[in-house]
Every structure is written in structure tokens, then in C-alpha cells.
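**Student:** Supplied in C-alpha cells, the structure appears directly below.
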Amino acid sequence: MVSGRAPVIGVTACNRVDDYVSSVERAGAIARVLEVSQSPRALLGEIDGLLLTGGGDIDPVLYGEARHPAVEDAEPGRDEFEIDLARRAMTADLPVLAICRGAQVLNVAAGGTLVQDIPSATSTDVRHRVEQPKDAVAHSVVVTPGSRVAEALGTIVTRDRTCAVNSRHHQSVDRLGVGLIASATAPDGVVEAIEAPEARFCLGVQWHPENFWRTGEFSPLFDAFVDAARQRAAARAPDR
């Protein structure tokens, strides 16, 4: 871990924000919950990392598709605010960790598209939506060796390159955004992690690692994210 001041992580507001905040604080960061009324351009100069949180679905018009009946809208203003913020973060090489909806925001911000409803778009026996308990294991994912997500997860990934995850989503990445690759998939082929290989730290996961902050199964993921934010903060220190 790189020494230095605690980095400030911007956490996008959502209905279940507490676990996200606790996860980054446990990793040694200062969490700052962001509101849609704030300026994405101004925020880029005030935070050292960005955590895109879960929630409702992105309006399909924002990635050029007609709306499926199963789409469940997010809170007003989230789509535009978070897509703008994600684009600016990627351009500035700000460390980004994107979770569930957040991974979808990241992909759309990079020009990608989404599967709007997994159950009606695919034939699968994999349970991608297990609401309770929050940390219930739903299925495993296969992690690409040598990927940033594999490196960040560390020993969580088994010798057969799998990792057990929880799951609460009905959408997923379809066409990948520019500069992004898929680095983990479910047994049915649904994309479960994406990343930008050329970035300092930019990855999204479709499951909810924040729900495990008390028991620490996914602490290495948050540690790696916060460490990347700390490195960026140290590099920018003279400018602040």
C-alpha cells in the first residue's frame, strides 16, 4: 500500500449508499457522497477516485435503443450526471470502481450498449437476481488471468479462475464501450466485469462486493481501488 494522506472517494448517491461508504472507509479513504445537482467538471478537481454505485436502469435512449418494458428507471438526474462524470473521470485517468448499475454506466459512458433484460434476451439457468440476503452467493464468475480485476481480487479467485459472487441485476453489458474489455463472465456468458487495460485503475463489476464489507471477502478489491486513488492524490499534491 502506498503511504500518504487518505484519498477522497466520490461515491454516487443511491438508496443503499451506506455499504459503499463503509467499504471505501474500511480501505482507508474518505468517502464523499455526490449529488446529481453538483458539477461533474468541478468534482474532478475535488476527488481522487470515483465509485459508481448500483441502482435503477439507464434510459436506453442514452445508448440509442428503444425501451424494453422491463426497464426500471433510476432516480431523476442520475443517468445524465453519472455518465458525464464517468466520461470525465476516464478522460482524466481518475481511478474508477463501478458496481452493478455503475458498471453499466461506465460502459454506456464509453459508447457501449446494454442487454436491457437478461431473462427475456437469453436462455439461462443462472440466477442473476437474488435479492436477499444481500451477501447470498448466487453463482460463480470466471475471471480472465492477468486482468486488472484478477489482480485486484487476489486470492479470492480460485485455482480454476473462478470467484463466488452475489447478484442483483437483470441487465448487463452488451456491446463493449471504446477502450473496455470483458474480464469476467458468468457460466452463461453474461459479462460480469469490464475494465480499461490502459487506465490507472478503471474497472466495473456486476455483483455487489460492498455488501461484504463487514466480513472482508472483497476487501482486496476496495484496497486496490483506494491505493490507486492514493497514488493519484500523491502525484497531484503540489497542485492542491
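Each reported figure results from applying straightforward, stated rules to the coordinates on display, with no laboratory input. Source: prediction; values computed, not measured. Cβ sites come from the backbone with ideal geometry, for glycine too, and all protein chains shown count toward neighbours.
**Student:** What list of ³J(HN,Hα) values in whole Hz, one per residue of the range 27-40 in order, does the Karplus curve 6.51 cos²θ - 1.76 cosθ + 1.60 (θ = phi - 60°) give from phi, with Gly and Pro shown as x?
**Tutor:** Result, rounded to whole Hz: 7, x, 9, 9, 8, 10, 6, 9, 10, 5, 7, 7, 8, x.
**Student:** Could you work out the local net charge near D227, counting Lys and Arg as +1, Asp and Glu as -1, over the other residues with Cβ closer than 12 Å to its Cβ? Intermediate values should be presented prior to the final figure.
**Tutor:** Working: positive: R200, R230, R232; negative: D48, E151, D223.
Local charge sum for D227: 0.
**Student:** Compute, for the chain, the length of the dipole vector about the Cα centre, with Cβ point charges of +1 (Lys, Arg) and -1 (Asp, Glu) only. Units Debye, rounded to 20. Intermediate results must be reported in sequence, preceding the final value.
**Tutor:** On the way: 24 positive and 33 negative charges, 131 e Å.
Approximately 640 debye in magnitude.
**Student:** OK, next. Which one is right for this structure if Kirkwood radius over Cα pairs in Å is calculated from it: (i) 18.6; (ii) 20.8; (iii) 17.6?
**Tutor:** It is the one labelled (iii).
**Student:** Using modelled backbone amide H atoms (1.01 Å from N, in-plane), which distant-in-sequence or interchain residues come within less than 5 Å of V33's amide H?
**Tutor:** Residues meeting the criterion, in which the H sits 1.01 Å from N, are V11.
**Student:** Something else now. Going by how many other Cβ atoms sit within 10 Å of their own, how do V17, V205 line up, fewest first?
**Tutor:** Details: V17 19, V205 26.
Arranged by neighbour count, lowest to highest, V17, V205 become V17, V205.
**Student:** At a 10 Å Cβ-Cβ cut-off, how would you order T158, T124, T12, fewest neighbours first?
**Tutor:** Numbers: T158 11, T124 15, T12 26.
Ascending Cβ contact count within 10 Å gives the list T158, T124, T12.
**Student:** Let me ask you something else. Give the order of R101, R129, R16 when sorted by the count of other beta carbons within 10 angstrom, beginning with the fewest. Walk me through the intermediate numbers first.
**Tutor:** Details: R101 26, R129 11, R16 14.
Starting with the residue having the fewest Cβ neighbours, the order is R129, R16, R101.
**Student:** Follow-up. Give a residue-ordered list of calculated ³J(HN,Hα) values for the range 156-170 (Karplus: 6.51 cos²θ - 1.76 cosθ + 1.60, θ = phi - 60°; whole Hz; x for Gly, Pro).
**Tutor:** 4, 7, 7, 4, 8, 6, 10, 8, 7, 9, 8, 6, 8, 9, 10
**Student:** On to the next question. So what is the 222 nm mean residue ellipticity for the chain from helices alone, if each DSSP H run of at least 4 adds -39500 (n - 2.57) and you divide by all residues, rounding to the nearest 500 deg cm²/dmol?
**Tutor:** Values: 7 runs with 64 residues, N = 240.
Rounded to the nearest 500, the figure is -7500 deg cm²/dmol.
**Student:** Further question: Please label the shape of the range 83-163 as rounded, prolate or oblate, based on the square roots a ≥ b ≥ c of the eigenvalues of the alpha-carbon gyration tensor (a/c under 1.5 means rounded; beyond that, a/b larger than b/c means prolate, else oblate).
**Tutor:** Values: a/c = 1.95, a/b = 1.20, b/c = 1.62.
It comes out oblate by the Cα gyration axes.
**Student:** Please name which of V71, A136, V115 has its Cα lying farthest along the dipole of the chain towards the positive end, using unit charges on Cβ (Lys, Arg +1; Asp, Glu -1) and the Cα centre as origin.
**Tutor:** A136
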